[in-house]
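To keep things clear, I will list the structure first and then write my remarks on it.
The values are calculated or read from the model by the stated rules, or taken from the named source; none is laboratory data. Computed from a predicted structure; not experimentally measured. Note that we place each Cβ from the backbone using ideal geometry, even for glycine, and neighbour counts take in every protein chain shown. In case anyone asks, the SASA skips ligands and DNA or RNA and just uses the protein heavy atoms, side chains included. Shrake-Rupley method; radii C 1.70, N 1.55, O 1.52, S 1.80 Å.
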Amino acid sequence: MSPAGLPRLRVGLLMFDDMELLDFAGPYEVFTTAQRMTTRPDVTPAPASGFEVLSLAVGDGPVQARAGVRLLPDARLGPAAAPDLLIVPGGVVDQVRADRQVHAELQRLAPGLRGLASVCTGAFVLADAGLIGPGTRCTTHWEDVADLRRDHPTLDVLAGPRWVAASTPQGTPLWTSAGIAAGIDLALHLVAHFAGPALAHRTAGQMDVPWAEEAGRP
């Protein structure tokens with residue numbers, strides 16, 4: 001339970017070498033700030049949920065982000081981590097796209113999740129794992145839209161939206177976002193979706209981030 005007595009949604013953020021740091025750190029900051037804001041009296045109506053945030057990787061060792069920062073995961077990617085919402089960041093994703101263990105764990109976890117999301121080129125990882133089905137609307141970094149369309153021609157890849165809502169072939173709610181800082185917009189939308197818009201707006205204010213609630217509409 002959160003300090004305010006709320007149930008907590010467990011948010012898992014995947015980590016891997018060469019991930020874009022802000023793809024990971026932006027949503028991390030949003031959800032941890034949202035959790036702090038659950039105790040503020042100026043969040044009305046009261047939030048429906050708090051948040052617990054875990055960094056997840058396929059191994060126990062440090063992960064080096066694209067910018068060179070080294071980070072340690074909290075737990076291994078898998079059922080034992082028990083995430084409710086799983087977010088896959090982007091960056092240089094060639095290595096993680098080829099990682100069969102990542103694909104297997106994502107496929108195993110997806111049906112039991114309350115939500116699955118990607119930031120930036122994380123959409124390639126989800127698509128490669130078969131978690132963005134044919135005809136599904138999705139998005140990615142503007143520079144990578146053409147490549148995602150080429151690699152997965154059955155997807156409806158949109159250029160322009162900050163985020164796009166859909167579902168996986170198994171029916172799990174799915175969100176994909178545009179590049180890097182757009183992950184912050186998506187994370188704020190997810191706070192609103194799971195805990196209410198009042199908490200999302202209070203979180204954006206605390207972070208001093210301008211946020212348009214309808215920014216994801218295609």
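A few remarks follow.
- Residues (more than 18 Å from the chain's Cα centre (by Cα), open to solvent by 40 Å² or more (accessible area, probe 1.4 Å) and under 30 Å from residue 97 (Cβ atoms)) located in segment 31-60: 60
- The listed residue being under 20 Å from residue 33 (Cα atoms) and buried (at least 23 other Cβ atoms within 10 Å of the Cβ), out of 205, 183: 183
- None of 133, 179, 122 is more than 13 Å from the chain's Cα centre (by Cα) and either modelled with pLDDT under 95 or over 27 Å from residue 6 (Cβ atoms) (or both) except 133.
- Residue list for segment 92-113, restricted to those being aliphatic (A, V, I, L, M), in a helix (DSSP H, G or I) and either open to solvent by 70 Å² or more (accessible area, probe 1.4 Å) or farther than 25 Å from residue 66 by Cβ (or both): 110
- Note on segment 80-91: residues that are at pLDDT 95 or above, hydrophobic (A, V, I, L, M, F, W, C) and open to solvent by 10 Å² or more (accessible area, probe 1.4 Å) amount to 0.
- The one condition in (1) farther than 27 Å from residue 157 by Cα; (2) outside any strand (DSSP E or B) that residue 9 fails to fulfil: (2)
- Residue in segment 19-29 that is in contact with a strand residue (DSSP E or B) (Cβ under 8 Å, 6 or more places away or on another chain), over 20 Å from residue 172 (Cα atoms) and surrounded by fewer than 16 Cβ atoms within 10 Å (Cβ to Cβ) present: no
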